[in-house]
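Shown next, in structure tokens, is the structure this report addresses.
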């Protein structure tokens, strides 16, 4: 455990709940190298934030867990309808101020470095930014949802309600940045999907991955 984590542990109480989520108090912006938001939360039209790369169009920025938690799914998501694939995806359960909240990290560049069941600390690396799935530019699609488990019925909430320090002045929904690079078209179509876990993917041959549309490393 890093010194930072040791210091945090002296100031916070971490408890394991029956659902497997971890009580989280400290937080970390999911893209340490970039705070540029190209597309904001807009309910069912756009269920999260699109955070741009530190160098526009260049993949590879580190993606980190926003809170302490438990990975409930990691792998590759494909929508059966156009415009809904999250690509390489990580979903983490947390308990924040007594409430079940989860974070979703989509369009990673390659397979996540975490797997289902892993416990993570806020700030731990879970993958790198990319352009997988139905994405039109290198970015992180970052969602927060009420509930737990890998369930598209879990209600999306505005991440900037939790990361208020990153709100622009006079923040109102919906809006986008003046320097917008279109990120994704994720919507309710994402719910009609196929998801391949890392366990399934690691057991595949390269030929099987290509046939299924799962990118090779």
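Values quoted throughout were computed directly from the atomic coordinates according to the rules given, and no laboratory measurement underlies them. Since the structure is predicted, the reported quantities are computational estimates derived from the model, not experimental observations. Note that each Cβ is placed from the backbone with ideal geometry, even for glycine, and that neighbours are counted across all protein chains shown.
Length gained on full extension, residue 167 to residue 125: 12.7 nm, using 0.36 nm per residue less the C-alpha separation. Counting 0.36 nm for each residue step from residue 204 to residue 56 and taking away their Cα separation leaves a gain of 50.0 nm.
Projecting label points 7 angstrom from Cα along Cα→Cβ for residue 211 and residue 110 puts them 2.5 nm apart.
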